[in-house]
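See structure below.
Computed from the coordinates by the stated procedures, all read-outs in this text should not be read as laboratory data. Nothing here was measured: the structure is a model prediction, and the numbers come from that model. With ideal geometry, Cβ positions are generated from the backbone for all residues, glycine too; neighbour counts draw on all protein chains shown.
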Protein chains: 2
Amino acid sequence: MSELQERAAELDAADPLAGKRDAFVLDDTVYLDGNSLGALPRSVPGRVADVIAREWGELRIRSWTESGWWTAPERIGDRAAPLIGAAPGQVVVGDSTSVNVLKAVVGAIRLAGEGRDELLVDESTFPTDGYIATSAARLTGCTLRPLAPADIPAAAGPRTAAALVNHVDYRSGRLHDLPGITAALHAAGALAVWDLCHSAGALPVGLDEHGVDLAVGCTYKFLNGGPGSPAYLYVRRDHQPRFDSPLPGWNSHQDPFGMRPDYEPADGAVRGRVGTPDILSMLALEAALEVWDGVDITTVRAKSLALTDLFLEATAGLGLEPLTPSAHAERGSQVALRCPDAGKVMGELISRGVVGDFREPDVLRFGFTPLYTSFTDVCRAARVLGEVLNDRS
Amino acid sequence: MSELQERAAELDAADPLAGKRDAFVLDDTVYLDGNSLGALPRSVPGRVADVIAREWGELRIRSWTESGWWTAPERIGDRAAPLIGAAPGQVVVGDSTSVNVLKAVVGAIRLAGEGRDELLVDESTFPTDGYIATSAARLTGCTLRPLAPADIPAAAGPRTAAALVNHVDYRSGRLHDLPGITAALHAAGALAVWDLCHSAGALPVGLDEHGVDLAVGCTYKFLNGGPGSPAYLYVRRDHQPRFDSPLPGWNSHQDPFGMRPDYEPADGAVRGRVGTPDILSMLALEAALEVWDGVDITTVRAKSLALTDLFLEATAGLGLEPLTPSAHAERGSQVALRCPDAGKVMGELISRGVVGDFREPDVLRFGFTPLYTSFTDVCRAARVLGEVLNDRS
């Protein structure tokens, strides 16, 4: 056993989250793609089977009230809220991340008020945020200005309505300075909208603590909600009374079953709802969130950093340039390595039981989910990567 | 056995769709709420269990390609397309009806071009369409004009960009004149956007035949896709190259995994996609659509009219005013009856095994799903309604 393997075994033995691995369906694969699609929690299949057979099959329409379907978006929002540092009543689950970006950005521009007609956007953003921000700017008559997140504080000014920033960069794994950028935007009188897709469930976000205005995120990465599980929208409590959604669907009406011709928005997080929620996907997510019972996100963060530290150390001699910052304060829960022929290398890795993903043009991306990734997994992944590179040279 | 019961038994014996009932999970309840939430098709539970256990649990991220998850929205769109009279390549499944209304209405306004700044909307519409149309008008600088559908042909003029109309009124069950209204809008140079929520799966829609421009609809009513199953968007083939969505998410990009900063829309129906599709709900829908194999929608329509004819006849002596038109050409697949104390009457009906629903302020609404509702069910529902009214008087 190498020194690294010994150390990994010791770290696994001391890991307070080690027991959580049994809450997931896993096999011999080293699955380092939980930042793209989280593994299946064991709590999900039985719950969904019951939703289908009993709640839909037997109770049918009665389940909208009797099985709690109607209130699922806000109930599950409250369940996810502690993971992103939000007090209850501010998060609602539903729709895709892209749709929530439109709600959040148009909502932020309207909250910023007259005279602010500039929207800043993270220039390295996951593309959909940029596309939707462009649409939001066009629909509201704003100018879009792409910037590196680090340049946002200096750029925000009296015309800035809001900035849309990714908390963790999907490609490099860089963690952006949420507290600092948010504070700088506020100092300029602008709003901060954060995309938490690559941070929620992997590290503390602290939305309330840092006064974030609006936020969105998906639930199928570190939150393990399943393929395309619904995303969420956070609207800070004091903004809710003036939150003015571009998607004022009937589910966000004060009296949805009154079927009134005029729209009167509900109070609270419910105002972020739109149409009928996709109950199967949503209740699968609710079951998936059970794995977080008793988990402290600071413990998750500590393990995440230890995992990525170990992987960076174990791959340091392979001649691949890390895109992921070495400083803890700038690192999410993934490691991205530049690699010639990265697409083929990742294909070979997957065939040898180590699953990460490839991002154009030359990036190997490895995600580390602290709830089920072990330090031994990390060692094995690094070893197999070394073997693949060696076999190719 | 009464004369009506005898006739119902004869109609059931001669019903070409009678065998389809076994494709659903049903019990002793007379379920006349399939226009709100369709019953569970037997094809669904096993399929979803496999999607969860094998496709998500074992294959995980590989299922996006290997299990056909990525192409599900357009594949399932093509599967639903014949039911609404659309040739392949024009329908995409995903998001809620409300979200699709925004895409369709903003898309229609943009297709109509400069100088057309008036949006007409069905004044008796299901509320969410009206709320979202109001938002679409506001975001595009249009004026919204609510009108009775019958008044739309005369009202459409040189400033009209589009009209959004419900094919079947959710409350009264009235079927609006899709061919006539569409033709009148076209004569005025405007576009027709139809909401098919209460018609798809119950009667022929003929989108291509009648030259409809855009359409949306849900899949959880007569299409039995399950609670909150994804809705669909139809964009007529010749409009697709200029279709300009207000929700240009990454799933509608020409090269979604190229992760390019600039948005270049895909060709075809895919252009209507937005974010990551909710796979569990979507593949449940795909399984649910299997019940339509070998079913001709004209047979469905004939049975639907026979069912509602029988129910109107059987309830004619109860002193309740039908809101649903008696003319076949004006009737969807439901019967709405005005009834004092309708909420309490429906509660009592449900407790006696006949499930319809109540709509404010005084409407009993009964939906008839030709694939699983029998003529004997109709007789029993009418008899129990008579008993409930009698017991209250």
Positive-end residue of A:Pro241, A:Pro261, A:Gly226, charge dipole of the stretch A:226-271 with Cβ unit charges:
A:Gly226
With just the Cα atoms defining each centre, how far is the stretch B:5-51 from the stretch A:350-393? Give it in Å.
49
Quotient of C-alpha Rg and 2.2 N^0.38 Å, computed over the stretch B:1-96
1.53
Taking just the alpha-carbon atoms of the stretch B:166-226, what radius of gyration and Dmax come out, in angstrom?
11.8, 39
Can you give me the Cα centroid spacing of the stretch A:205-253 and the stretch B:252-325 in angstrom?
28
Please state the relative contact order of the stretch A:49-292 as a whole percent: Cα pairs under 8 Å, 6+ residues apart?
23
For the protein assembly as shown, what mean projected area does the convex hull of the alpha carbons give, in nm²?
32.6
Rank A:Gly19, A:His186, A:Trp69 by how far each Cα sits towards the positive end of the charge dipole of chain A (+1 on Lys, Arg Cβ; -1 on Asp, Glu Cβ) and give me just the farthest.
A:Trp69
As I understand it, the value is the acute angle between the Cα axis of helix B:342-351 and the longest principal axis of the Cα atoms of chain B; what does it come to in degrees, rounded to 10?
80
7 Å from Cα along Cα→Cβ at both A:Asn390 and A:Ala18: what's the point-to-point distance in nm?
2.8
Stretch B:Asp341-B:Asp255 to full length: gain in nm at 0.36 nm per residue minus the Cα-Cα span?
25.3 nm
Set the bar at 18 Å for Cα to Cα. Now go through A:Lys221/A:Lys344; B:Lys20/B:Lys221; B:Lys221/B:Lys344; A:Lys103/A:Lys221; B:Lys103/B:Lys221 and name every pair that lies beyond it.
A:Lys221/A:Lys344; B:Lys221/B:Lys344; A:Lys103/A:Lys221; B:Lys103/B:Lys221
Can you give the angle from 0 to 90° between the axis of helix A:178-187 and the longest principal axis of chain A, with both taken from C-alpha atoms, to the nearest 10?
30
Over the alpha-carbon set of the stretch B:49-292, divide Rg by the Kirkwood Rh and report the Rg/Rh ratio to two decimals.
0.98
Multiply the residue separation of A:Ser351 and A:Ala154 by 0.36 nm, subtract the distance between their alpha-carbon atoms, and state the gained length in nm to one decimal.
66.3 nm
Residues listed by number, the stretch A:151-177, amide nitrogen under 19 Å from A:Thr143 label point at 7 Å toward C-beta
A:151-164
Under a Cβ-Cβ cut-off of 11 Å, what is the net charge of the residues other than B:Gly249 that fall near it, where Lys and Arg count +1 and Asp and Glu count -1?
0
To test your reading of the geometry: what angle, between 0 and 90 degrees and rounded to tens, separates the Cα axis of helix B:3-13 from the longest principal axis of chain B?
40
